[in-house]
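Colleague: A single structure is presented below for examination.
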Amino acid sequence: MKSWNTFFRCGHVLALAGLLGLLGLLGLLGLSGLARAHGGDDHGNPAKPISGTGQPRVEAHSDAFELVGRLEDTGFTLLIDRYNSNEPVLGARVSVESGGVEAGASFRAATGDYAATDERLLALLRQGDEHALVFTINLGAESDLLDGTLRRPLQLAPAEHADELPWGFVFAGLAFAAALALGVYVYLRRSARALRGLGEPV
């Protein structure tokens with residue numbers, strides 16, 4: 001039975017070789033995908049900022065005051081605080097200037113904010129995506145100027161991924177591995193039949 005034992009040992013070696021070949025091929029495919037995804041800093045086109053649909057906002061501060069402004073349908077509203085303590089600034093005289101247009105922002109005690117409703121200012125601020133603003137705040141003996149830029153919130157467009165997994169290469173590799181395994185299987189069956197036909201004595 002030496003021939004049979006030798007045959008089965010060879011069959012095991014061939015099967016193991018086929019399995020190792022398949023695993024090695026899959027490993028190479030995985031490394032290829034990683035190399036494409038991490039080879040260098042270029043992972044496709046970066047996301048590009050586009051204009052959003054949110055309400056335009058502005059933030060500004062000085063050593064004394066800070067404010068947050070929002071352009072809304074009903075007017076330009078401002079929240080003003082002390083810069084160091086975040087204490088609300090109530091009842092101040094506030095004006096807003098942009099593009100040669102200046103308007104007052106009235107204090108609203110019910111909401112604790114300020115609102116500029118001048119139609120000339122609002123019409124100007126609703127045009128375009130960006131406006132430089134100067135705020136004048138007078139509170140008792142204190143007076144301060146704050147500069148800020150009114151901007152529409154920007155959103156990022158989805159990035160375009162140039163490096164995708166090469167599925168064609170993956171399928172071709174799997175087909176090759178399957179063909180290799182099938183070839184080993186057919187070879188073993190034909191060899192077994194041939195040895196059985198010889199009917200070698202023990």
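Colleague: List residues of segment 134-150, by number, whose backbone nitrogen lies under 17 Å from a label position 7 Å along Cα→C-beta of S62.
Modeller: Label zone hits: 134-149.
Colleague: When ligands, DNA and RNA are left out and all protein chains stay put, how many square angstrom of accessible area per residue does segment 50-145 have with a 1.4 Å probe? Kindly include the intermediate steps, with their values, before the conclusion.
Modeller: Numbers: 5280 Å² over 96 residues.
Per residue, segment 50-145 has 55 Å² of solvent-accessible surface.
Colleague: Pop a pseudo-label 7 angstrom from the Cα along the beta-carbon direction at both L124 and A141 and give the gap in nm to one decimal.
Modeller: 3.3 nm
Colleague: Let's test the formula: R0 of 35 Å, r as the Cβ-Cβ distance of T149 and A110. What FRET efficiency results, to the nearest 0.05? Before the final figure, lay out each step's value.
Modeller: On the way: r = 29 Å, r/R0 = 0.83.
Using R0 = 35 Å, I get an efficiency of 0.75.
Colleague: Put a dot 7 Å past each Cα toward the Cβ at E102 and E87; how far apart are the dots in nm?
Modeller: 2.8 nm
Colleague: When the solvent-accessible surface of protein heavy atoms is calculated with a 1.4 angstrom probe, in what order do S85, S62 fall, highest first?
Modeller: The residues order as S85, S62, largest area first.
The values are calculated or read from the model by the stated rules, or taken from the named source; none is laboratory data. Predicted, not measured: the structure shown is a model, and the values here were computed from it. With ideal geometry, Cβ positions are generated from the backbone for all residues, glycine too; neighbour counts draw on all protein chains shown. Keep in mind that these areas ignore ligands, DNA and RNA; they rest on the heavy atoms of the full protein, side chains included. Shrake-Rupley method; radii C 1.70, N 1.55, O 1.52, S 1.80 Å.
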